[in-house]
Amino acid sequence: MHAPEMRSGKTLALTPALSPGRGGDIRRPAEFSSSLARHRPASAATVDPENRLLWHCNRERLDFESMRDSLLAVSGELDMNAGGKPVELFKKPSALRRTVYGFIDRQFLPGVFRVFDFANPDMHNPQRLDTTVPQQALFFMNSPFVVERARALTSRSEVAALRKPKQRIQDLYRLIFQRPATPRQVELGRRFLTEAGSLPPPEPPKPVVSPWQYGFGEYDEQTQRVKSFVPLPHFVDESWQGGPKWPDEKLGWVRLTAEGGHAGNDLQHAAIRRWTAPHDGVVSVSGTLAHEHKEGDGIRGRIVSSRAGSLGSWTLHNDKAETKIESLEVKRGDTIDFVVDFNANLNNDDFKWVPVIKSKEQPTGASSGEYAGEWNAKKDFSGPPEPPPKPLSAWEKYAQVLLLSNEFMFVD
């Protein structure tokens with residue numbers, strides 16, 4: 001394929017006249033070249049709007065790694081240190097390293113990677129797919145990572161120090177788009193800030209109350225009920241325990257995890273996983289209690305109802321047992337405790353126990369939002385509830401809107 005002749009006869013005719021050696025001014029060639037540079041893109045866009053002759057680079061959307069690094073760069077937070085171990089990209093607090101250092105779990109690949117067309121790490125992929133799906137826009141609107149970058153961007157010293165809205169808008173444009181804002185964009189920015197600042201603050205979300213609690217206490221042999229229950233104070237490394245380090249100096253070895261835990265140092269510190277009935281009804285209980293050590297004398301597990309008392313007891317040493325309750329009537333606020341103590345001696349008293357409570361029927365008058373047919377101790381396991389997010393200020397909203405724009409997300 002032959003490229004079209006880009007020079008016209010008029011241009012060739014002017015060339016000798018512009019030459020300094022033939023009496024021309026030395027400044028004229030530079031001025032003429034500058035005018036051609038300004039003219040060519042406009043004329044090329046008219047002649048070849050579809051870019052079939054490849055007169056400029058085609059517009060491309062940033063891939064996930066470049067997009068994430070760009071967000072960190074404009075907010076002034078990108079960690080440019082080279083080398084080192086991979087980091088978890090999606091745990092709090094957000095990792096600030098370049099995305100190329102992100103840890104990839106082949107079995108449990110985070111959903112954000114899949115949303116942004118990340119290649120399957122278990123397969124050979126010569127090329128990534130490019131998709132445009134609603135989840136990508138939702139990520140930029142709702143992701144805590146993007147919100148944090150908008151906050152950090154408006155907190156940069158060069159932005160926060162500016163008092164006049166016009167100057168601050170111009171500075172945001174220079175940081176994000178590497179260019180000044182047009183008068184029209186400044187006006188739109190001012191209008192956005194005025195309207196965003198006049199809106200009432202959003203209502204805080206309703207707190208999600210989990211039916212599960214994690215603590216320790218003592219079982220009363222005479223009343224056959226739990227005598228005391230104290231919530232465990234610390235959530236560390238996906239476990240509830242007595243302090244930042246385990247075992248704790250005061251509360252000892254007592255601990256609860258998603259799949260089990262460890263009994264405490266004495267009968268007053270038995271590990272207790274408590275479920276509170278959210279409504280009246282009839283439930284069943286299932287699960288497998290296991291102790292997997294030859295050392296020591298094993299553990300003792302109990303299921304205790306606040307209404308009916310002890311429902312079952314199992315003493316296990318390097319063994320396991322099914323812990324089933326076929327039917328139990330509960331009233332709203334009743335508790336079912338899964339209690340594990342050290343039996344008699346503190347030695348290898350960790351255990352596995354994932355109770356599952358199922359409602360046998362939907363209670364009368366319960367709405368679909370209040371009703372859950374199954375409560376699985378492993379699936380429902382969680383740490384302390386997160387505090388409600390702080391509402392964005394008008395400037396932070398404006399910064400996030402600019403980060404959502406195609407101009408930032410595409411290379412043109």
- Label-to-label distance, nm, for residues given as residue 268 and residue 230 (7 Å Cα→Cβ offset): 0.8
- Mind scanning 245/324; 164/397; 250/352; 91/250 and naming the pairs with a C-alpha gap bigger than 27 Å? 245/324; 91/250
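For the stretch 375-412, which trypsin sites (Lys or Arg not before Pro) are both in a DSSP coil and crowded by at most 16 other Cβ atoms within 10 Å? The partial results should precede the final answer.
Numbers: sites: 378, 379, 397; in loops: 378, 379.
Qualifying residues, ordered by number: 378, 379.
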- Query: Mind checking the angle between helix 165-177 and the chain's longest principal axis? C-alpha axes, 0 to 90 degrees, to the nearest 10.
  - Reply: 90
- Kindly state, to the nearest 0.05, the FRET efficiency for residue 237 paired with residue 108, given R0 = 22 Å and r defined as their beta-carbon distance. 0.80
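Kindly identify the chain as rounded, prolate or oblate by the Cα gyration tensor criterion: order the square roots of the eigenvalues as a ≥ b ≥ c, call it rounded if a/c is under 1.5, otherwise compare a/b with b/c, prolate if a/b is larger, else oblate.
Numbers: a/c = 3.16, a/b = 2.74, b/c = 1.15.
Prolate shape, in that a/c is at least 1.5 and a/b is the bigger ratio.
What length, rounded to one decimal in nm, is gained on full extension from residue 188 through to residue 82, with 0.36 nm per residue of separation minus their alpha-carbon distance?
Numbers: separation 106, 0.36 × 106 = 38.16 nm, distance 4.03 nm.
So the chain would gain 34.1 nm between residue 188 and residue 82.
What is the magnitude of the charge dipole of the chain about its Cα centre, with +1 placed on the Cβ of each Lys and Arg, -1 on the Cβ of each Asp and Glu, and no other charges, expressed in debye to the nearest 20?
On the way: 54 positive and 52 negative charges, 490 e Å.
Roughly 2360 debye for the chain.
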- Task: Compute the length gained on full extension between residue 386 and residue 167: take 0.36 nm times their separation in residues and subtract their Cα-Cα distance, giving the result in nm to one decimal.
- Result: 75.2 nm
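Out of all DSSP beta bridges with both ends in the chain, state the antiparallel percent to the nearest 5.
Beta bridges within the chain, antiparallel portion: roughly 95 percent.
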- Task: Rank by packing, highest mean first: peptides 101-110, 208-217, with packing defined as the count of other Cβ atoms within 10 Å averaged across residues.
- Result: 208-217, 101-110
- Message: Need one number: nm distance between label points at residue 223 and residue 179, each 7 Å from Cα along Cα→Cβ, rounded to one decimal.
- Response: 7.4
- Query: Taking H as built 1.01 Å from N, whose amide H comes closer than 5 Å to the amide H of residue 227, not counting residues under 5 places away?
  - Reply: 218, 219, 220
- Add -39500 (n - 2.57) for each DSSP H run of 4 or more in the chain, then divide by its residues: what number comes out at 222 nm, to the nearest 500 deg cm²/dmol? -8500 deg cm²/dmol
- Task: Return the FRET efficiency for the residue pair residue 141, residue 320: r is the Cβ-Cβ distance, R0 is 41 Å, and the value is rounded to the nearest 0.05.
- Result: 0.30
- Item | Cβ crowding within 10 Å averaged over residues, with 90-96, 254-260 ranked highest first | 254-260, 90-96
- Item | the stretch 196-225 versus the stretch 140-187: alpha-carbon centroid distance in Å | 38
- Note on the structure: A student applying the Cα gyration tensor rule (rounded when a/c is under 1.5; otherwise prolate if a/b is larger than b/c, oblate if not) would label the stretch 100-238 oblate
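Readers should treat all values here as calculations from the given coordinates under stated rules, not as data from a laboratory. Everything numeric here is computed off the predicted structure, so don't read it as measured data. As a convention, Cβ positions derive from the backbone with ideal geometry for all residues, glycine included, and neighbour counts pool all protein chains shown.
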